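Notes follow the structure.
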Amino acid sequence: MAVVEMRRVTIVGHQSMLDQVMTVLQRLEILQIDDIDESLPSEDLSFSSRSVTGSDALLQLEEQAARVRSALDVLDKHFRKPAGLIETFAGTRFAVSESDYRRWSETEEHTLPAVSQAQQLRDRLLELQAQQRSVSEDIELLRPWRGLDVPADEIQDTRLFRIQLGEVTGRALDQLSEDLSAVSGAAGFAVISQASDVCSILLYYPKKLEEQLLIPLRRAEWRPAALPPVIGTVAQTIDMLEERLKAIAAEQDEVIQAIGTLVDERLALYAREDELRNRIEREQVKELLGFTQRLFVIRGWARRKDVETLNSAMAEVSPAIVVEDESPRPGELHPVDIENSPVIEPFEVVTRVAGLPMPHSLDPTPYLVPFFLIFFGMALGDAGYGIVLSIISLWLVKRVNAVGLGLKLLHMLAICGIGAVAAGVLTGSWFGDLFGLPPLWLNPMENPLPMLILSVALGMIQILTGLAIKGYDKIRNGQLVDAICDELMWIIFLIGLVMMLVAGSMSQWPQVAVVARYLAIGGGAGLIMTQGRHQKNPIKRLFSGVLSLYGLSGYMSDALSYSRLLALGMSGGVIGMVINDMGRRLLAIPLVGWIIAIALLVVGHLLNLLINLISAYVHSSRLQYVEFFTKFLEAGGKAFRPLAERHRYLVVKPDTASSEK
């Protein structure tokens with residue numbers, strides 16, 4: 001397959017049908033809508049744009065979405081299962097049928113009661129939490145005065161004496177006692193409690209001596225107590241407040257239980273929030289449209305295969321809607337989408353991470369699949385690990401209801417697990433040497449040289465394939481001479497050199513060395529004569545051709561880079577063998593040895609699989625990006641992003657699929 005052919009689409013209709021048209025387009029997910037001002041050439045008719053930002057409709061939708069999100073936040077806070085390891089990294093989506101999704105999402109009928117109740121319960125819970133904080137603060141303020149055995153409201157000034165409750169620093173307590181005695185024998189204090197460096201005291205002194213006591217009190221860091229209302233003694237008030245805390249806690253439990261009754265509405269709330277967010281997107285996209293007094297104009301891009309579907313859908317909305325499509329204009333850059341068969345499609349993950357090709361370029365996905373599969377298998381290099389990887393990947397597809405690139409990645413890993421099984425069978429690696437099965441080909445631990453040669457040979461094949469793809473792309477674009485002078489000459493030259501290296505071990509076929517020599521000489525001469533063809537000066541032209549041969553060092557270093565496949569495969573195998581050896585030693589422990597050994601083998605091999613999985617994926621991808629794609633891929637294409645329904649937590653499936661939590 002290749003880069004999908006795109007068509008420029010224009011839709012014109014009466015404004016009264018706009019909302020229905022936008023809804024249909026979003027559900028079809030086949031049209032990327034462009035800004036009308038940017039998509040129309042300057043010589044074409046310009047349209048007025050209608051801004052909807054801040055409109056009543058948009059604000060109303062945003063308010064509704066915020067209320068639904070608030071209800072979900074209440075549920076998630078009190079009734080959400082702790083995320084496990086899988087959910088933390090992969091997330092969790094809930095599968096629902098399309099009929100349930102439409103029933104829950106399109107009107108407020110099913111979710112409004114739950115949203116209103118959740119808001120009321122949240123508000124009540126906030127009130128109770130505020131009361132709880134206030135009561136707790138009052139208790140903390142009163143706690144130092146619990147030993148005060150007289151009602152606080154009876155502690156008042158008399159006609160001659162000032163009587164106050166307050167706090168001083170503990171280290172100044174003795175000095176304060178001396179200062180008060182020095183001023184008057186009628187002044188003094190009683191310690192109610194002492195905690196850390198703070199003392200709570202009842203202070204009394206004659207009012208006429210107040211000015212004389214200012215300095216001693218300031219030195220003791222005197223602070224009058226600010227007590228909350230007290231009924232009876234402080235101890236009685238604290239007991240009453242603690243009972244109030246218990247009552248508040250009980251009511252909080254009741255409110256939380258009431259929130260728990262809304263858990264069954266979670267999926268409906270997810271659906272409603274998704275729908276509102278999708279409606280908001282539709283309203284925002286209207287900013288990109290053009291408008292006359294009565295008509296709307298939509299400009300965008302659709303895949304050629306979807307144009308007929310688009311025409312039929314618009315005709316169902318109204319026969320009066322006009323849909324036109326045309327090829328991109330010369331030099332016009334359109335969005336890029338790639339399409340491949342079900343077996344190749346999962347490997348689009350590798351391509352999309354590197355960046356999509358330019359519109360006129362080739363999709364590299366079909367060409368990288370066999371190489372990536374082989375390289376991944378060699379790097380992981382164990383049949384047991386491959387089986388486990390495939391099983392876990394397919395299980396995760398169902399477990400997390402994966403979609404998009406996540407789904408493709410899991411499918412790709414499941415397929416790559418098969419490559420690891422093949423590599424393990426050939427090299428005799430089944431969870432390292434756990435089962436002692438003989439290899440069908442060779443054991444790289446005993447004889448690594450053939451595996452090293454194979455790694456470099458596969459690298460050279462991929463490099464030559466990249467050059468051939470580049471040459472084909474040039475021929476496809478009418479650059480036949482460039483394809484012959486550049487890619488074909490290098491292919492001939494490199495093949496000749498490789499054959500010359502191999503010919504030394506093929507003495508029984510001397511003609512191979514002859515052919516290799518002619519290929520190398522012919523290819524090198526062709527490069528010298530053609531690589532400077534853009535230079536007008538003959539001397540510069542020849543000099544540029546000779547210098548081009550220096551590119552051989554780059555190709556050789558690229559080929560040697562593939563030797564990492566041997567290192568990765570052997571490292572995983574060695575660690576697996578060490579784990580097995582440790583497990584066998586543990587079997588010597590009486591009674592519990594086999595239990596510990598099994599636990600070690602399971603945990604050890606799972607960790608080894610995880611480490612080598614990451615290495616195999618990263619390095620296999622790196623070989624594609626650095627050694628393969630650089631030979632032919634022109635990246636930088638802008639991804640095709642049609643107006644689509646987007647779901648944060650749900651996977652909407654056909655009505656035959658029942659909803660599940």
Can you pull out the residues in region 339-395 that are of a type in the set (D, E, K, R) and under 26 Å from the mean Cα position of the chain (by Cα)? GLU339, GLU345, GLU348, ARG352, ASP363
Suppose we filter region 2-22 for residues that are small (Gly, Ala, Ser) and surrounded by 19 or more Cβ atoms within 10 Å (Cβ to Cβ); how many remain? 1
Residue among LYS474, LYS470 that is open to solvent by less than 40 Å² (accessible area, probe 1.4 Å), farther than 30 Å from ALA422 by Cα, in contact (Cβ under 8 Å) with a residue 12 or more places away in the chain and of a type in the set (Lys, Arg): LYS474
Take LEU440 and decide whether it is closer than 22 Å to TYR385 by Cα, open to solvent by 50 Å² or more (accessible area, probe 1.4 Å) and either of a type in the set (A, V, I, L, M, F, W, C) or in contact (Cβ under 8 Å) with a residue 12 or more places away in the chain (or both). yes
Note down all Cβ pairs under 7 Å where the first residue falls in region 238-256 and is under 17 Å from ALA118 (Cβ atoms), the second is of a type in the set (Lys, Arg) and in a helix (DSSP H, G or I), and they're at least six residues apart or on different chains. VAL255/ARG124
List pairs: first in region 76-98 and closer than 22 Å to ASP264 by Cβ and open to solvent by 60 Å² or more (accessible area, probe 1.4 Å), second at pLDDT 85 or above and among the small types (Gly, Ala, Ser), Cβ under 7 Å, 6+ apart or cross-chain? PHE79/GLY260
For region 123-153: of the residues being farther than 27 Å from SER70 by Cα and within 43 Å of the chain's Cα centre (by Cα), which is most open to solvent (accessible area, probe 1.4 Å)? GLU137
Out of curiosity, is ILE463 crowded, with 17+ Cβ neighbours inside 10 Å, in contact with a Lys or Arg (Cβ under 8 Å, 6 or more places away or on another chain) and either under 30 Å from VAL421 (Cβ atoms) or modelled with pLDDT of 95 or more (or both)? yes
Within region 257-297, can you find the residues that are in contact (Cβ under 8 Å) with a residue 12 or more places away in the chain and of a type in the set (Ser, Thr, Tyr)? TYR270, THR292
Here's a check for you: in region 183-196, which residue that is within 60 Å of the chain's Cα centre (by Cα) and in a strand (DSSP E or B) is modelled with the lowest pLDDT? ALA195
Considering region 626-656, residues that are of a type in the set (Gly, Ala, Ser) and either loosely packed, with under 15 Cβ neighbours inside 10 Å or modelled with pLDDT under 90 (or both), and then whichever is nearest to ASP35 (Cα to Cα), we arrive at ALA639
Six or more apart or on different chains, Cβ under 6 Å: which pairs go from a residue in region 530-551 that's under 20 Å from ILE492 (Cα atoms) to one that's in a loop (DSSP other than H, G, I, E, B)? Could you list them? SER544/GLN531; SER544/GLY532; SER544/GLN535; GLY545/GLN531; GLY545/GLY532; SER548/GLN531
So, in region 154-182, of the ones that are of a type in the set (Val, Ile, Thr) and assigned to a strand (DSSP E or B), which residue ends up farthest from CYS199 (Cα to Cα)? ILE163
How about region 463-577: which helices (runs of 4 or more DSSP H) wholly inside it have at least 2 residues that are in contact with a Leu (Cβ under 7 Å, 6 or more places away or on another chain)? 489-503, 510-530, 538-548
If VAL336 satisfies every condition in (1) without any contact (Cβ under 8 Å) to a residue 60 or more places away in the chain; (2) closer than 14 Å to ARG8 by Cα but one, which is the exception? (1)
Among the residues in region 236-245, are any outside any helix (DSSP H, G or I) and open to solvent by less than 20 Å² (accessible area, probe 1.4 Å)? no
Scope region 79-109; condition among the basic types (Lys, Arg) and at pLDDT 85 or above; matching residues: ARG102, ARG103
For region 191-218, how many residues meet the condition of being closer than 17 Å to ILE163 by Cβ and among the β-branched types (Val, Ile, Thr)? 3
Kindly list, by first and then second residue, each pair from a residue in region 393-421 that is on the phi > 0 side of the Ramachandran plot to a residue that is of a type in the set (Lys, Arg), limited to pairs with Cβ atoms under 6 Å and residues at least 6 apart or on different chains. ASN401/ARG93
Filter result (more than 20 Å from LEU142 (Cβ to Cβ) and hydroxyl-bearing (Ser, Thr, Tyr)) within region 159-201: THR169, SER177, SER181, SER184
Filter result for SER200 (within 60 Å of the chain's Cα centre (by Cα) and at positive phi): no
Name the residue that is least open to solvent (accessible area, probe 1.4 Å), counting only residues in region 32-65 that are at pLDDT 90 or above and in contact with a Leu (Cβ under 9 Å, 6 or more places away or on another chain). ALA65
Being touching a residue at least 24 places away in the same chain (Cβ under 8 Å), closer than 30 Å to LEU467 by Cα and small (Gly, Ala, Ser), is that true of even one residue in region 595-618? yes
Go through region 246-292 and count every residue that is more than 30 Å from LEU643 (Cβ to Cβ) and outside any helix (DSSP H, G or I). 2
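The values are calculated or read from the model by the stated rules, or taken from the named source; none is laboratory data. Every value quoted in this text rests on a predicted model; they were computed, and no experiment measured them. In this analysis, Cβ positions are derived from the backbone assuming ideal geometry, glycine residues included, and neighbour counts consider all displayed protein chains. Accessible surface is based on the protein model in full, side chains and every heavy atom, while ligands, DNA and RNA are left aside. Shrake-Rupley method; radii C 1.70, N 1.55, O 1.52, S 1.80 Å.
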